[in-house]
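Asker: Once you've had a glance at the structure underneath, I'll fire off some questions.
The values are calculated or read from the model by the stated rules, or taken from the named source; none is laboratory data. Since this is a predicted model, take the numbers as computed values, not measurements. Cβ placement follows ideal geometry from the backbone for every residue including glycine, while neighbour counts extend to all protein chains displayed.
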Amino acid sequence: MTTMNQPTTAPTRRDGLLTAAVVLTALSAVLLGAHISFDGDTFQDCVYLGPSTRMYVTAWAGPVCSVAALLLAVRRTARFGGARAAVVCLAVLLLAVQVFALYWVYAPDPAGGTGCSGLAFL
């Protein structure tokens, strides 16, 4: 007599890839949140210091994790189920925001190098 709680099939390698894709997507979201929280590193006492090292690291690590999650999620799968589609959609959305954050790290000083006011001396 069998019980209903016993699994009928063993987990496959695809389930492991999907789990890794979910973990990388979550890590990517955490890195984006960390990058946004480090935004205060650029100014100190109305002096522009530029992006900090941790801003550069999170700005580059986030898109790398998103791309890795996308590659793992769409890797050689015949079925494209709901969980896999959700991971792909979330990873693409995160990647778009992270590419903008990466651009912002390398953008010039928005204040023009004159402090918090943004107004240069005439």
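Asker: If I ask for residues that are under 18 Å from Val23 (Cα atoms), touching a residue at least 60 places away in the same chain (Cβ under 8 Å) and of a type outside the set (A, V, I, L, M), which ones from segment 50-102 would you list?
Answerer: The answer is Arg84, Gln98.
Asker: Something else: For segment 83-99, check the following and say yes or no: at least one residue is modelled with pLDDT under 85, in a loop (DSSP other than H, G, I, E, B) and surrounded by fewer than 16 Cβ atoms within 10 Å (Cβ to Cβ). Show your work before the answer.
Answerer: Restricting attention to segment 83-99, the residues satisfying the condition of being modelled with pLDDT under 85 are 83.
Narrowing the set further to residues that are in a loop (DSSP other than H, G, I, E, B) leaves none.
No: segment 83-99 contains no residue that is modelled with pLDDT under 85, in a loop (DSSP other than H, G, I, E, B) and surrounded by fewer than 16 Cβ atoms within 10 Å (Cβ to Cβ).
Asker: Right, next: Taking the conditions exactly as written (touching a helix residue (DSSP H, G or I) at 6+ places or on another chain (Cβ under 6 Å), surrounded by fewer than 14 Cβ atoms within 10 Å (Cβ to Cβ), in a helix (DSSP H, G or I) and modelled with pLDDT of 85 or more), does Arg54 satisfy them or not?
Answerer: Numbers: touching a helix residue (DSSP H, G or I) at 6+ places or on another chain (Cβ under 6 Å): yes; surrounded by fewer than 14 Cβ atoms within 10 Å (Cβ to Cβ): yes; in a helix (DSSP H, G or I): yes; modelled with pLDDT of 85 or more: yes.
So Arg54 passes the test.
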